[in-house]
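Read through the structure below, which is laid out as structure tokens, and then see the notes.
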Amino acid sequence: MSSNDTVARDTAAEEAPPLTQPAYLPGVAFDEMIDRDGAVRPHYEVLQDRIASLGAEELEERQSTLERSFLLQGITFTVYGAESATERIIPTDLFPRIIPAREWAKIEAGLSQRLRALNMFLADIYGDQKILMDGVLPRALVLGAPSYRREMHHLYVPHNTYANVCGSDLIRGEDGEFFVLEDNLRVPSGVSYMLANRDASRRTFPGTFRQAGVRPVERYPDLLLSTLKSMTSEWRADPQVVVLTPGVYNSAYYEHAYLARLMGVPLVEGRDLVVHDNRVFMRTTSGLRRVDVIYRRVDDDFIDPLTFRRDSALGVAGLFNAYRAGNVVICNAPGTGVADDKAVYAYVPDIIRYYLAEDAILPNVDTFLCREPAQLSHVLANLDKLVVKAVGASGGYGMLVGPHASQAEREAFAEQLRADPDNFIAQPTIQLSTAPCLVDGRIEPRHVDLRPFILSGEKVVVTPGALTRVALKRGSLVVNSSQGGGSKDTWVLAEEPRA
Amino acid sequence: MMLARVADSLYWIGRYIERAEHVSRLAAVMLNATLDRTLEAAQTGRIALAAVGEVDTDRGDQTYEAARDLALDREDSGSVVVCLARARENARQVRDQITSETWERLNMLYLRVVSHSPDEAFEEDPAGFLNEIIADLHLFKGAVDATLSHGEGWRFLALGVHLERAQLIARLLEACFSDRKTPTVTEPMALMSLLRMACALEPYLRVYTADIDPKYILEFLLFDEDFPRSIRFCTARIQDLLDQLARRTGGERSDALRLAGRLDARLKYADVEEVESTGAGALLAAVSAECAAIHEAIYETFVAYPLELSLPA
């Protein structure tokens, strides 16, 4: 294999370069650092030079410094064992993933186009439903989706912005093209890891960071705050904003506290809020205080036991009525989940064309809807090549990765498919691109995806950075943190590297 | 303006931190004193155990085990490790309200005491283990004072510290001078240990010289105006903190402030001669009871107030 030789030649002058023992050997997937001919991509050169100049020991040392700092900051989740609860850090890799300016420009344009269209779609389906009248997508598919909220019908949402915070999952296929795999319009998480990873990588590779010319992500919290504030701009210039968390036992609690702290707004739990006379108040030491905007990190189902799930203790009784009365803004609006439904996803290019009269800048992954009999039989015939996903599930649950499954697993899944075809979609198995990661003291390729964060209030802002999720198991394509995934920093370069 | 739940958590961080420090010190002094195989040494062990409310004070003979339990027993709600875990749990719930400097200091201490086989560390060097916890807690308090705004949140935390401290010192003095189960402490060695348990030996010596007398000790720990661990000092701080909190939250007529003012006055204008002649028992019992009442009143005023009274018209 030629890449071995090329890398060895590049770094032969260095003393004990870790890249050569053994060499960094990407597989058939697109590699972020090394091109098909085994040469280092220009935008990765600064980092590659630095890695090559550091010994394996030094790299391990930096990795463990990084992990210690995460532990100290409390960037952890709790594992409850038999004897006691232990805290683990979210696995984090020290090498940043680098995206050149030109590629980012396309991603940015594509994501903001997509979110604009999806917000228009939400305003339409909770309003006049023109898109359904025009038959662009089947009425039953939208109105029958479990995440569709009839309660939202004809309800005034400022700027027609239903999804204020969106985290889309992008992947790079074998040809290096970026695809949108999924939109997250409910309560997307991970942005605090983007910021914590950045903070860490600035300390791990300070010189390289400077040299590379990386665009800053640190303004995310204040951009989020102004996005939230813009939601009341028509009637209140300086609203009281709060972050609503399910509480300290939620796995994303660190993020909720982090965002509240950096925005300088109270972090509230359901029990801190009361609704009186269709207005929302929080219990403070000096009595009740009015709340205007709630950035909720609680799922639709749990925000108000009077309107949604009655057994929820996380929400606030009467909150939805206060929202309907226009006395408080909930961000993201309830019911946004229908726009990231996995079956609706297949129609997003049509949705973009319908509202914006433009072609989608970022393509979708080919998607087979099992609700269509013809497509179902195709899926059943090709189960060993496809990834099948349950429409309602997320987080890597309820999913079959055909090529990695056993015959028995595939047969069992086929049964489920035939029993409830509406609930499933299928996509070709895509070899996600790989990026170099430090694994047990060696630099190895691991599959990665990309989750950028898009804010939308009066206007749409894409933060120039992202969370890169890593499938830490060799060969695994599943990057979800609930399934053993980790993360790394993402450097978006301000300029193209000089050729 | 701050969330009632947040104020409550900050207050409890203060209480647990102070308790962890006090119990660490009791255990350290107990271990140190009992290096001497004397009767006074055994008495020191009994004082320490009585001061934390241990019924079986005869364990004073097995000081190593007793000290280890005070520090590390996860079943005992008053042990150092439990106090630190709870302080840290409260801090996690108000992570958005405290500075990173404060949080990291406490988190590091917690991780050290909980995660890295604390039993071995204790066995290796018990006194060192305990003294390091005390030193880390001082760093935490320093970070609180140096990096948090001295506003409402800081005041609730300080309120917890001083209320807890007043009760702990009162309990320690009761154990020495007015407890029926333990004989009144008179031995100079034991009295010195008592001063060490209140972290008061050096400041005491500067005021009274090396004249170790129960009368002066009581006077110092009850009435001294400047020593941060005297009850008088604590009640003055409590009154001051509540006064400022009440002003800012519009709770001037709260029971908490009234009770704190009364307790402060009781100590400020106490007849020292009378306390010395009749014994401090009654006064110490009153201090404990009133601190408990202030605690209840704080909760009623700032945290669990009835909603009907505070709804807008």
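Tabulated results
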| quantity | calculated |
| --- | --- |
| Equivalent ellipsoid semi-axes - Cα gyration tensor, the stretch B:99-224, angstrom | 31, 21, 14 |
| Distant alpha-carbon pairs in chain B (separation over 30 angstrom), percent | 34 percent |
| Over chain B, relative contact order from alpha-carbon pairs under 8 Å, at least 6 apart, % | 22 percent |
| Unit Cα scatterers, Debye sum, the stretch A:208-329: log10 I(q)/I(0) for q = 0.10, 0.16 Å⁻¹ | -0.34, -0.78 |
| Expected 222 nm ellipticity per residue - DSSP helices of 4 or more, -39500 (n - 2.57), all of chain B, to 500 | -23500 deg cm²/dmol |
| Most positive-pole-ward Cα, A:Ala408, B:Ala166, B:Gln62, against dipole of the protein assembly as shown from beta carbon charges | A:Ala408 |
| At q = 0.12, 0.20 Å⁻¹, base-10 log of I(q)/I(0) for the stretch A:265-330 (Debye sum, equal scatterers on each alpha carbon) | -0.25, -0.72 |
| Computed P(r) (all Cα pairs; the protein assembly as shown; 10 Å bins; percent) | 2, 12, 18, 20, 17, 13, 10, 6, 2, 0 |
| Per-residue average of Cβ from other chains inside 10 Å of B:84-90 | 1 |
| Entries of A:Lys229/A:Lys473; A:Lys229/A:Lys389; A:Lys130/A:Lys342; A:Lys106/A:Lys229 with Cα pairs more than 30 Å apart | A:Lys229/A:Lys473; A:Lys229/A:Lys389 |
| Relative contact order (%) - chain A, alpha-carbon pairs under 8 angstrom, separation at least six | 23 percent |
| For q = 0.12, 0.16 Å⁻¹, Debye-computed log10 I/I(0) when each Cα of the stretch B:23-172 counts as one equal scatterer | -0.54, -0.91 |
| 3J(HN,Hα) from dihedral phi, the stretch B:187-197, Karplus parametrisation 6.51/-1.76/1.60, rounded to Hz, x for glycine, proline | 5, x, 4, 5, 5, 5, 4, 4, 4, 5, 5 |
| Other protein chain Cβ atoms within 10 Å, averaged over every residue that makes up A:238-248 | 1 |
| For the stretch A:147-207, the spread of Cα positions along each principal axis, largest first, Å | 54, 31, 20 |
| Inter-probe distance in nm under a simple model that places probes 7 Å from Cα toward Cβ, at B:Gln62 and A:His159 | 6.8 nm |
| Label-point separation, B:Ala146 to A:Arg41 (7 Å along Cα→Cβ), nm | 4.5 nm |
| Rough spin-label spacing in nm, given labels placed 7 Å along Cα→Cβ, for B:Arg37 and A:Glu372 | 9.1 nm |
| Within chain A, longest stretch clear of exposed chymotrypsin sites (Phe, Trp or Tyr not before Pro) (DSSP loop, no more than 14 other Cβ within 10 Å) | A:1-155 |
| Contact order normalised by residue count of the stretch A:368-428, Cα under 8 Å, 6+ apart, percent | 49 percent |
| For A:Ile99, residues with placed amide H under 5 Å, excluding near neighbours | A:Trp491, A:Val492, A:Leu493 |
| Derived scalar couplings ³J(HN,Hα) [the stretch A:466-471; Karplus, 6.51 cos²θ - 1.76 cosθ + 1.60; whole Hz; x for Gly, Pro] | 5, 8, 9, 8, 10, 8 |
| Dipole magnitude of the protein assembly as shown, debye to nearest 20 (Cβ charges: Lys/Arg +1, Asp/Glu -1, about Cα centre) | 2080 debye |
| The stretch B:140-193, Rg to Rh (Cα coordinates; Rh as Kirkwood inverse mean 1/r) | 1.23 |
| At most 16 other Cβ within 10 Å, DSSP loop - trypsin sites (Lys or Arg not before Pro), the stretch B:1-70 | B:Arg37 |
| Rounded tilt (10° steps) of A:407-419 against the dominant C-alpha axis of chain A | 20 degrees |
| Coil-residue trypsin sites (Lys or Arg not before Pro) of the stretch A:359-462, DSSP, other Cβ within 10 Å capped at 10 | none |
| Stretch gain in nm, segment A:Glu495-A:Met133, where the contour uses 0.36 nm per residue and the Cα spacing is subtracted | 125.7 nm |
| At R0 = 51 Å, FRET efficiency that the Cβ-Cβ distance of B:Thr184 and B:Glu308 yields, to 0.05 | 0.50 |
| Long-range HN-HN contacts of A:Arg446 with modeled amide H, under 5 Å | A:Ala435, A:Cys437 |
| In the stretch B:161-248, the trypsin sites (Lys or Arg not before Pro) that fall in loop regions by DSSP, at most 12 other Cβ within 10 Å | B:Arg180, B:Lys181 |
| Averaged over A:287-295, number of beta-carbon atoms from partner chains that fall within 10 Å | 3 |
| Percentage, to the nearest whole number, of Cα pairs in the stretch A:368-428 over 15 Å apart | 38 percent |
| Per-residue ³J(HN,Hα) for the stretch A:59-68, Karplus 6.51 cos²θ - 1.76 cosθ + 1.60, θ = phi - 60°, Hz, x for Gly and Pro | 5, 4, 4, 5, 4, 6, 4, 4, 5, 4 |
| Estimated 222 nm signal from helices in chain A, with DSSP H stretches of n ≥ 4 weighted -39500 (n - 2.57), rounded to 500 | -9500 deg cm²/dmol |
| Cut-off under 5 Å, modelled amide H: who pairs with A:Leu181 long-range | A:Asp169, A:Leu170, A:Ile171 |
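Each value in this text was obtained by applying a stated rule to the coordinates, not by laboratory testing. Here the structure is a predicted model, which is why all the values come from computation and not from measurement. All Cβ positions, even for glycine, are placed from backbone atoms using ideal geometry, and neighbour counts span all protein chains on display.
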